[in-house]
Amino acid sequence: MHGWNGNILRMDLTKKKSSVQSYDKDFALKFLGGRGFAAKILWDELPKGVDPLSPQNKLIFATGPLTGLPLTSSGKIVVAAKSPLTGGYGDGNLGTRAAVNLRKAGYEAVVIDGKADNPTYIYIEDDTVEIKDAKDMWGLGTFAAEDELVQTHGRSVGVLIIGQAGENLVKFAPVLSQKGRAGGRPGMGAVMGSKNLKAVIIKGTKDIPISDPDGLKKLGKEGYADIKGKESYDFWIRQGTMMALEWANESSCLPTNNFREGVFDEAKGIDGYRMEELKVSRRGCPNCNMQCGNVIKDTEGEEAELDYENVGLLGSNIGLGDLQKVALLNKLADDWGVDTISAGNIIGFIMEASEKNLITDKYEWSSIEDARTLLEAMAFRKGFGNTLAEGVKYTSQKVGGDSHKWAMQCKGLECSAYDCHAAPGMALAFATSSIGAHHKDAWLISWEIATDRSGYNKEKVAKLIELQQIRGGIFESLVTCRLPWIEVGFSLDWYPKLLKAATGEDITFDQLLTTADRIYALIRCFWKREYPDFGRSWDMPPERWFTEPLTKGPLAGTKVDRTGYDNMLNWYYEQRGWDANGIPTKQKLEDLGLPDVAAALNIV
Ligand code: SF4
């Protein structure tokens, strides 16, 4: 088989045994890789009701047919498991040398189950797979622990690692790599911690099997040049995703004071231009010529990598308008292994709860000291932090009052950095995302603001589904970074050509869209299997966006219209081929080649 190695590495930490499972071209073409492989494996192998933090859960690292090849932004890996935060399907992606090395070691994925007796790490070097002692590293932050592992195994290894938050089973702990690249917001790091697994180290020295190596090399080179020639390339290199901050503030969608407002008076103190004044270097994922990790020095004089999401949540959302203070929080979160988005969301929630006297302790908006205290409490499960570590939904149940209305989450996952009072399509995108309120699957908001902001119509719904197909389905399964396409306009036409050179298969873009639908439907069914009442009521955005209009900025008075939202949700289900309760129909599942899934759920 070309394009895919055809191998999945299996590791059982309880039995201390590894094995290699091969898969065929049918499987590869049907699920592509990355998220597709992960969703299929979790659906097939996890019995309903498995405790996500038990040895029975499976932690999956998965790449795809474009990962690791000499082409743009191909150094990414998906990490997936049943989520301890939401109880549903969970995943995320991160850029790391481990992605490239996994493919070069001869595998597309690693599936880890069981639980080690003691803190361990897994070392993979081509066909050699070893479980090693990590007792001395348990309790270390991700920075020091990764340094130690690189010192032991050499600079060429890829490291996937958790911090103290993952060890402490903080339910929104991600997996990290290369000091700041993180993925798996719905608690993939906690799943890793529950297995007593501190790190996975990967070294690969083989060639990835390619159908047309010369053709791929040529296309890859042309692709890099194409990106470099784009009009917006230079500005992207200057600011990366940080350029979104000024836009978000001007567009009234910058989350401010726990998503109460969409404009922040001190936005200039944390925007892309302020970052440029402080910038000391740039980092990024392997094989990328758009490196977007902007590094500044924090208030302690140490380096921290920033992007828009972190700054939106740890800055404006908690009222903090000093970028170096934001950078400090960001660095601590990356080192302790806490998700920056969820952390900033929860800190904002607690500051509002304090303002409203729903809790006795005082936490002030914009206080770096209070924010740091809360961040540390959640990472180490200290005192009230033990509640915060369970996520904002659970915390709001403990805080009580009407706080569930302004606990900014969908399906239990904290919203990422877009206020949706004046963006109903993005509210629908959050609510229908396959992992909870994350922008990864459909960053509809830039299109929505540029075209038809106040509309509630079928065209907007169609655009949302198209984005979910492309971003949440295709890019997450190929596995390669979507930012060249979305940020500088690298054409989608490249991908079938790259796939052809890699695999030798003629896979049309329409076929890729169908694959994306298959993966989305399968994930939807995973949720349904876990939660019998799963359906329409789960696809709702936070109540705040319906009931409390913006009070500041040019769009003061705006909120999401409930009837308009309900109509869009109906159209969404119709266009997806799902029933009125949001469950894929038997016909749809059969059309997607998933009749066994329909049968398992008794869908008639
Ligand atoms: S654009 Fe940014 S996130 Fe994407 S591969 Fe490059 S460095 Fe990584």
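The values are calculated or read from the model by the stated rules, or taken from the named source; none is laboratory data. Treat the numbers as computed from the prediction; the structure is a model and nothing was measured. Every residue, glycine as well, gets a Cβ built from its backbone with ideal geometry; the counts of neighbours run over all protein chains shown. Calculation scope for accessible area: heavy atoms of the full protein, side chains included, ligands and nucleic acids excluded. Shrake-Rupley method; radii C 1.70, N 1.55, O 1.52, S 1.80 Å.
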(message) Restricting to the range 309-341, give me the number of residues that are surrounded by fewer than 24 Cβ atoms within 10 Å (Cβ to Cβ) and not in a helix (DSSP H, G or I).
(response) 3
(request) Inspect the range 398-407 for any residue being surrounded by 23 or more Cβ atoms within 10 Å (Cβ to Cβ), in contact (Cβ under 8 Å) with a residue 60 or more places away in the chain and of a type outside the set (Lys, Arg) and give the result as yes or no. (result) yes
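If you check GLU231 against the conditions, is it charged (D, E, K, R) and in contact with a strand residue (DSSP E or B) (Cβ under 8 Å, 6 or more places away or on another chain)? Let's see the steps before the verdict.
Working: charged (D, E, K, R): yes; in contact with a strand residue (DSSP E or B) (Cβ under 8 Å, 6 or more places away or on another chain): no.
It is false that GLU231 is charged (D, E, K, R) and in contact with a strand residue (DSSP E or B) (Cβ under 8 Å, 6 or more places away or on another chain).
Looking at TRP527, TRP571, TRP545, TRP494 in this structure, which one is in contact with a His (Cβ under 6 Å, 6 or more places away or on another chain) and aromatic (Phe, Trp, Tyr)?
Details: TRP527 fails: in contact with a His (Cβ under 6 Å, 6 or more places away or on another chain); TRP571 fails: in contact with a His (Cβ under 6 Å, 6 or more places away or on another chain); TRP494 fails: in contact with a His (Cβ under 6 Å, 6 or more places away or on another chain).
Criteria check complete, one pass: TRP545.
One line per residue, one yes/no per condition, for (1) open to solvent by less than 20 Å² (accessible area, probe 1.4 Å); (2) in a loop (DSSP other than H, G, I, E, B):
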residue	(1), (2)
LEU29	no, no
PHE37	yes, no
GLY49	no, yes
ILE60	yes, no
THR67	yes, yes
ALA80	yes, no
THR86	yes, yes
(message) I need the full set of residues from the range 95-143 which are more than 22 Å from LYS16 (Cα to Cα) and part of a loop (DSSP other than H, G, I, E, B), in order please.
(response) THR96, GLY139, LEU140, GLY141
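Go through the range 349-369 residue by residue and tally those that are under 26 Å from GLU167 (Cα atoms) and open to solvent by less than 30 Å² (accessible area, probe 1.4 Å).
Number satisfying all stated conditions: 3.
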(request) Within the range 268-308, track down each residue that is part of a helix (DSSP H, G or I) and basic (Lys, Arg). (result) LYS268, ARG274
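Okay, residues lined up against (1) hydroxyl-bearing (Ser, Thr, Tyr); (2) crowded, with 24+ Cβ neighbours inside 10 Å; (3) without any contact (Cβ under 8 Å) to a residue 24 or more places away in the chain:
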residue	(1), (2), (3)
ASP12	no, no, no
ASP24	no, no, yes
TRP43	no, no, no
SER54	yes, no, no
LEU102	no, yes, no
(message) Out of everything in the range 304-341 that is acidic (Asp, Glu) and in contact (Cβ under 8 Å) with a residue 60 or more places away in the chain, what residue ends up being farthest from the ligand (Cβ to nearest atom)?
(response) ASP335
(message) Checking the conditions here, which among ARG282, ARG260 is at pLDDT 95 or above and surrounded by fewer than 22 Cβ atoms within 10 Å (Cβ to Cβ)?
(response) ARG260
(request) Working only within the range 560-592, note down all residues that are over 27 Å from the mean Cα position of the chain (by Cα) and part of a loop (DSSP other than H, G, I, E, B). (result) ASP561, ASP579, ALA580, THR585
(request) Identify, from the list LEU176, LEU169, LEU160, the residue that is in a strand (DSSP E or B) and in contact with a Gly (Cβ under 8 Å, 6 or more places away or on another chain). (result) LEU176
(request) Within the range 366-416, track down each residue that is farther than 20 Å from ASN257 by Cβ and hydroxyl-bearing (Ser, Thr, Tyr). (result) THR387, TYR394
(message) Restricting to the range 64-123, and then to whatever is among the small types (Gly, Ala, Ser) and more than 30 Å from GLY220 (Cβ to Cβ), can you tell me which residue is nearest to the ligand (Cβ to nearest atom)?
(response) GLY90
(request) Take the range 346-400 and flag every residue that is under 17 Å from PRO84 (Cβ atoms), among the polar types (S, T, N, Q) and in contact with a helix residue (DSSP H, G or I) (Cβ under 6 Å, 6 or more places away or on another chain). (result) THR387, THR395
(message) Just checking, does the range 515-537 include any residue being under 23 Å from the mean Cα position of the chain (by Cα), part of a loop (DSSP other than H, G, I, E, B) and not hydroxyl-bearing (Ser, Thr, Tyr)?
(response) yes
(request) Return yes when ASP44 is assigned to a loop (DSSP other than H, G, I, E, B) and away from the ligand (no atom under 16 Å from the Cβ) and no when it is not. (result) no
(message) Looking at TRP485, TRP494, can you tell me which residue is within 16 Å of the ligand (Cβ to nearest atom), more than 14 Å from the chain's Cα centre (by Cα), farther than 19 Å from LYS40 by Cα and surrounded by 20 or more Cβ atoms within 10 Å (Cβ to Cβ)?
(response) TRP485
(message) Looking only at the range 268-303, how many residues end up being away from the ligand (no atom under 16 Å from the Cβ) and either of a type in the set (Phe, Trp, Tyr) or under 21 Å from ARG185 (Cβ atoms) (or both)?
(response) 1
(request) Output the residues belonging to the range 395-405 that are assigned to a helix (DSSP H, G or I) and closer than 19 Å to THR360 by Cβ. (result) THR395, SER396, GLN397, LYS398, VAL399, SER403
(request) Name every residue in the range 460-471 that is more than 16 Å from the ligand (Cβ to nearest atom) and under 22 Å from ALA38 (Cα atoms), in order of residue number. (result) ILE465, GLU466, LEU467, GLN468, GLN469
